[in-house]
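Here, each number is a calculation from the coordinates, and none is a lab measurement. All of these numbers come straight from a predicted model, not from anything done at the bench. Here the Cβ positions follow ideal geometry from the backbone for every residue, glycine too, while neighbour counts run over all protein chains shown.
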Amino acid sequence: MNPSPDARSWSAAALALCLVLVASSIAKADDGEPVERMLVVGERSETGWLETPASVSLVDRDEIRRAQPQLTLGESLGHLPGVFVQNRTNFAQDARISIRGFGARTPFGIRGLQLIVDGIPQTLPDGQGQVDSLDLSTASRIEVLRGPGASLYGSAAGGVIEVTSFDPIREPEASARVALGFDGYRQYQAQGHGHSGQVQYALGLAHTQYEGHRAHSDHETTVFNTKFRFQVEDTTDLTLVISHADAPRADDPGGLTQDEIDDDRRQANQRNVDMKSGEDLENTTVGGALRHRWNAQHETRATAFFAVRDFDGRVPSASRGAIDLDRIFAGGSAIHAWQSDLLGRGNRLQLGFELKGQSDTREQRAIDVATGAVGALAVDEVQEVVSFGVFAHDRVAVTESVSLSASIRYDRVDFEVDDTLTSDAGGDDSDDLLFDEWSFAGALAWTPDPRVNPFVRIGTSFETPTTTALANPDTGAGGFNDDLDAQTSVQYEVGSRGVLADRVEYEAAFFYIRVDDELLPYTRDFSTFYENAKRSDRIGIEVAASAELIPGVRASANYTWSHFEFDRFTDGNGNDFDGNTIPGVPEHLANFGLGYESPKGAFADFDLQYVGEREADNANSAEADDYVLMDLRAGVRHRIGAWSVEGFFGVQNLGDEEYDDNLRINASFDRFFEPAPGRTWNVGAGVARAF
């Protein structure tokens, strides 16, 4: 459904207001306090935001927590330029996060992006990332690198998302929070942090239940996180993290046709109901990070981790819909940084390596379409993936205001499948594949003063197919699809950022990306398989600004224009899609926010988002309409001695807009659309005590 004239008026008026307010702030004299210069990890080391020659955004703890339902990572990232989030209420598929279009067409999980939590990678060696074990209640900051990160992080075509949980070095405190609201939403949280001698600790527990706005969309999860920091000596510290997620239920209501949505937006795909589509999982991760400062010039950081995952899922595929997966994921990394002078100029050199491995024991069985009963074994195999990467990064100050940085990385990703079901039509489908790739990046940054800091960046990236994407589409066969190639790309970017009048932060970027062998999904027997598009082009513009208008009142706005199309693509059925728009990404995306916080603890936030039309398939034969969303959140915090209390409420989709939250790209039988909730609400309260 198209946005109503009133909603369009709200959108235009809010964006115009933001521009006027920002302009008035710029015109004021430079008598305000300078804004805080945030630190980012865009170069895999702490670098000032203004000096980083890449598009980097940061979300702080208040933005993550303030009256938010904290159901998905999309609540925190959906307002950033260049970032588009879908699928915020179907927990069987996770929030679908895309950066500059990478990741928009994944059927579940996060792909094309590297996800890191407390220094521990959450992205598997095959490139698939999971967020179901992430506890947003303990997140203190989220940093997002938009653009190719392969030269530093490996398989990362679109960028990097790094989440840092709360820092245990803060003063001891215990807190609890309860929230409830729409469609059976209930959430209970408890956190604590403190220190004992040279040991600092933090822990968090969160339980969430959600019945869903559509039939067959129940969800329940419990996440437990702990973090310990040991100050071994003045120059050495060790951080240990342990997390466990138990999600016994996440039903999948499936996609609908437009006619089915017009008939009943809250219904589920009947096939998904009959075949009991959804998932049940447990995931445990243990990791450690060691940092040692040898002297003022040398520092070494090392990590190691181990994770196990037990997954039982169902997709509405008659031939192989019941999935039983047991996974082991482990690895480690080491980085040495050397800071010195080169020809009298500052220079920082980093050398590092990463090793990751996963072993998936996978069984898939047939499902009876009418009864949902599990039938014959269709896939029985062990899939193993090992990735190894070694990289170097150097940044040198050419002059006092000009710096040059360059990085190079070599990655080798080995896939191997051992097929133990040799009695099927395919026989023994054991197979192995090797992908290896060199990635490069170079950037020139100019920082004459805080008001303008232009940069130019060129980088290459790659993305291997995941083990799921490598599934063999041949009927009755297991093993890998040997016809798939890795996706590669080269990106050119020109940007600038700065601080005006000591109160207005802005950033702007123009990019062009050429992608070869883009990985695209298609559906057969309700299962998702992949193919390569020969070449595609992406051109985009990202602009953003935020300003403190008066003490306690802050406004922000951003706009993203994305022109993504296939250059050369003929699919396996001979269909020519040359010149078609790449599905899943809106051409126009705009956000506006206005926030208030009083010295006495009251706060309020108003957010508005406009999302343009999105194509639903490669043929551009169907599309999701554009829409406007408005959210309102407010609350109050009050401190009484060592105690503090808070109460809050939120209203999402204030205008009760009817729109599609998710697209199932190239879905069978035109079931592309997953309708979003209408107007929803949540309320909650919290209490904390300092010790």
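What ranking do 526, 691 get, fewest neighbouring Cβ atoms within 10 angstrom at the top?
If I rank by nearby Cβ atoms, fewest first, I get 691, 526.
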Seminar exercise, completed: Expressed in nanometres to one decimal, the distance between label points 7 Å along Cα→Cβ at residue 196 and residue 264 is 5.6
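Suppose we keep just the DSSP beta bridges with both residues in the chain; what percent of those would be antiparallel, to 5?
On the way: 320 of 325 bridges.
In the chain, DSSP labels about 100 percent of beta bridges as antiparallel.
I need the calculated FRET efficiency for the pair residue 576 and residue 539, taking r as the beta carbon distance and R₀ as 25 Å, to the nearest 0.05. Can you show the working numbers first?
On the way: r = 22 Å, r/R0 = 0.87.
The computed FRET efficiency comes out at 0.70.
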Problem set entry | Projected label distance in nm at residue 649 and residue 377, using a 7 Å step from Cα toward the beta-carbon | 5.7
Seminar exercise, completed: When 439, 333, 430 are arranged by how many other beta-carbons sit within 10 Å of their Cβ, fewest first, they go 430, 333, 439
For this session: Set the Förster distance to 56 Å, then compute FRET efficiency between residue 416 and residue 600 from the Cβ-Cβ distance, nearest 0.05.
Result: 0.35
For this session: Name the long-range amide H neighbours of residue 655: under 5 Å, sequence gap of 5 or more, or other chain; modelled H, no Pro or chain starts.
Result: 630
Exercise. Across region 585-591, in residue order, what do the Karplus-derived ³J(HN,Hα) couplings come to in whole Hz, using 6.51 cos²θ - 1.76 cosθ + 1.60 with θ = phi - 60° and x for Gly and Pro?
Worked result: 10, x, 6, 10, 9, 9, 9
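Sum up the charges of everything whose Cβ sits under 14 Å from the Cβ of residue 187, counting Lys and Arg as +1 and Asp and Glu as -1, but leave residue 187 out.
Values: positive: 65, 177, 186; negative: 75, 135, 183, 211, 220.
For residues surrounding residue 187, the net value is -2.
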Exercise. With contacts defined as alpha carbon pairs under 8 Å and 6 or more residues apart, what's the relative contact order of region 179-230 in percent?
Worked result: 34
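Report the gain in length on full extension from residue 550 to residue 296: 0.36 nm times residue separation, minus Cα-Cα distance, nm rounded to one decimal. Numbers along the way, then the final one.
Values: separation 254, 0.36 × 254 = 91.44 nm, distance 4.12 nm.
Gain on stretching residue 550 to residue 296: 87.3 nm.
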Exercise. What are the ³J(HN,Hα) values, in whole Hz, obtained from phi via the Karplus relation 6.51 cos²θ - 1.76 cosθ + 1.60 with θ = phi - 60°, for each residue of region 190-195 in sequence order, with x given for Gly and Pro?
Worked result: 8, 9, x, 8, x, 8
Exercise. Each label point is 7 Å from the Cα along the Cα-to-Cβ direction; what then is the distance between the points at residue 231 and residue 567, in nm?
Worked result: 5.5
For this session: State the label only: which of (1) 1.17; (2) 0.94; (3) 0.99 corresponds to Rg/Rh (Cα atoms, Kirkwood Rh) computed from the shown model?
Result: (2)
Exercise. If contacts are Cα pairs under 8 angstrom and at least 6 residues apart, what is the relative contact order of the chain in percent?
Worked result: 12
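Counting other Cβ atoms within 10 Å of each Cβ, which trypsin sites (Lys or Arg not before Pro) in region 635-691 have at most 16 and sit in a DSSP loop?
On the way: sites: 637, 639, 664, 671, 679, 689; in loops: 664, 671, 679.
When the trypsin sites (Lys or Arg not before Pro) of region 635-691 are filtered for loop state and at most 16 Cβ neighbours within 10 Å, 679 remain.
If you place +1 on the Cβ of every Lys and Arg, -1 on the Cβ of every Asp and Glu, and leave all else neutral, what size is the dipole of region 65-116 about its Cα centre, to the nearest 20 Debye?
Numbers: 7 positive and 2 negative charges, 16 e Å.
Dipole of region 65-116, to the nearest 20 debye: 80 debye.
Applying a 10 Å radius around every beta-carbon, put 234-243, 92-101 in order of their mean neighbour count, most first. Each step should come with its number before you reach the end.
Details: 234-243: 16.3, 92-101: 25.2.
Per-residue Cβ counts within 10 Å, averaged per peptide and sorted highest first, yield 92-101, 234-243.
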Exercise. Given H placed on each backbone N at 1.01 Å, which residues far from residue 453 in sequence or on other chains put an amide H within less than 5 Å of it?
Worked result: 497
Problem set entry | Options 378, 509, 672, ranked by Cα towards positive dipole end of region 5-690, top entry (Cβ charges) | 509
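Among 199-205, 371-377, what's the highest-first ranking by average C-beta atoms within 10 angstrom per residue?
199-205, 371-377
Please state the charge dipole magnitude for the chain, taken about the Cα centre, from unit charges on C-beta atoms (+1 on K and R, -1 on D and E), reported in debye and rounded to the nearest 20.
Here the size comes out at about 2760 debye.
Using Cβ counts within 10 Å as a stand-in for footprinting exposure, how do 298, 216 rank, fewest first?
Ranking 298, 216 by Cβ neighbours within 10 Å, fewest first, gives 298, 216.
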